[in-house]
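Working notes, structure below.
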Amino acid sequence: MKELSLNILDITQNSLAANAKNVEIVIDENEKTLRVTIKDDGRGMDEETLKRVSDPFYTTRTTRKVGLGIPFFKLAAEQTGGSLTIQSTTESADPINHGTLICALFYKDSIDFTPVGDIVSTLCTLIQSLGNVNLVYIHTFPGGSISLDTSVLKKTLGEIPLSEPEVIMWINEYLNEQYDNNV
Amino acid sequence: MKSLEELAKIRERMLSKIALREGENDIRIVVGMATCGIAAGARPVLNTLVEEVALQGVADRATVSQTGCIGICQFEPVVEVFENGKEKVTYVKMTPEMAKRVVAEHIKGGKPVVEYTIGNAKI
Ligand SMILES: Nc1ncnc2c1ncn2[C@@H]1O[C@H](COP(=O)(O)OP(=O)(O)O)[C@@H](O)[C@H]1O
């Protein structure tokens, strides 16, 4: 992928597909490193699936289609000298506290570091398809931070869905404005 | 500065519109947003469609939604248009510029942009 924000979009869509009710994207940046954490309370992954997403060439006789979203993200992190870790608890293992936590660490001074790119576009795309899911976004960097919580927006919007085009356009401008004021 | 008050105003405005719109949403624009679609450029296509539907004033007739892999990865970004009583139209290798034209000519004007459809695209 050309931008990390495209990987983030791809990974977070798995959370939505896993029936999460709450999704959190945190980007934590300092001079040297950038850490992306994506957390959801979806159905989680079993041992078998975890093995498969960490190594796309790992197969069992029952494996059908090989997903590439997580392997791409992992590669992007490892190319910079960083790493990707996944912790996941399935719904059957813990009916209350289930979900997935993906954490990717990047070294920004590596020549293979992929820039974050248009994260605002990624957020707008995600919010457009959230339905009843809540999304929290936090980006901290030296000298500032940006955040968005869709549950706050929903309170203001009432019965108007977040996916309304005019609402998405407002969120787009709102976030871009926050970023413009922070550089 | 954008503020939540502004969002509240959008809400007021939308409320009256949405009341009128009940049941009239008969065009569905669906964008493939799996790994293959995203890598091929589906994100700006999706965002352009959402924006143009609002800007060209067809939000009362059309909704934009996302789906997983449509199964024709080599043609991504793929956009499908479903309309009651009409055959599905599949657009392939879409760009934001093409998306604008699809909203203007197909969604607003009622005439599919044949040259962008799967049987006719230059690939
Ligand atoms: N957050 C998640 N929660 C539950 N299952 C997940 C999650 N992320 C990934 N998976 C599982 O792992 C599979 C592979 O994911 P991925 O490598 O991103 O490929 P793809 O999304 O293209 O299938 C998914 O199809 C899903 O079954």
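Helix B:42-55 and the long axis of chain B differ in direction by around 40°, with both axes built from C-alpha atoms. Counting neighbouring beta carbons within 10 Å and listing from fewest to most, the residues B:Lys17, B:Lys88 come out as B:Lys88, B:Lys17. Close amide H pairs (under 5 Å, H built 1.01 Å from N) link B:Met33 with B:Thr67, B:Gly68, residues at least 5 positions away or on another chain. Tell me, what does the Kirkwood hydrodynamic radius of chain A come to in angstroms if you use every pair of distinct C-alpha atoms? One over the average 1/r among Cα pairs gives 17.3 Å for chain A. Are there GluC sites (Glu not before Pro) in segment B:1-102 that DSSP marks as loop and that have at most 12 other Cβ atoms within 10 Å, and which are they? Answer by residue number: B:Glu22, B:Glu24, B:Glu87. Pair-distance distribution P(r) for segment B:4-116, from all Cα-Cα distances in 5 Å bins starting at 0: 2, 12, 22, 22, 18, 12, 8, 4, 1 percent. Couplings 3J(HN,Hα) for segment B:73-79, derived from phi with the Karplus relation 6.51 cos²θ - 1.76 cosθ + 1.60 (θ = phi - 60°), are 3, 5, 9, 5, x, 10, 10 Hz, where x marks Gly and Pro. Given DSSP loops and a limit of at most 13 other Cβ atoms within 10 Å, what is the longest stretch of chain A that contains no such chymotrypsin sites (Phe, Trp or Tyr not before Pro)? The answer is A:59-183.
From its DSSP helices (H runs of at least four residues, each -39,500 (n - 2.57)), the protein assembly as shown gives a residue-normalised ellipticity at 222 nm of -11000 deg cm²/dmol.
Here is the list for segment A:112-176: GluC sites (Glu not before Pro) lying in DSSP coil, each with at most 14 other C-beta atoms within 10 angstrom of its C-beta, are A:Glu159.
Shielding value for A:170-181 is 2, the average number of Cβ atoms from other chains within 10 Å of each residue's Cβ.
For the protein assembly as shown, the convex hull spanned by the alpha carbon atoms encloses 159 Å³ per residue. The angle between the Cα long axis of helix B:4-21 and the main principal axis of chain B comes to about 70°, on a 0 to 90 degree scale. Net charge dipole, the protein assembly as shown: roughly 680 debye, given to the nearest 20, about the Cα centre with Cβ charges of +1 for Lys and Arg and -1 for Asp and Glu.
Every read-out reported here was derived from the displayed coordinates using simple, explicitly stated rules and does not represent laboratory data. Since this is a predicted model, take the numbers as computed values, not measurements. Note that each Cβ is placed from the backbone with ideal geometry, even for glycine, and that neighbours are counted across all protein chains shown.
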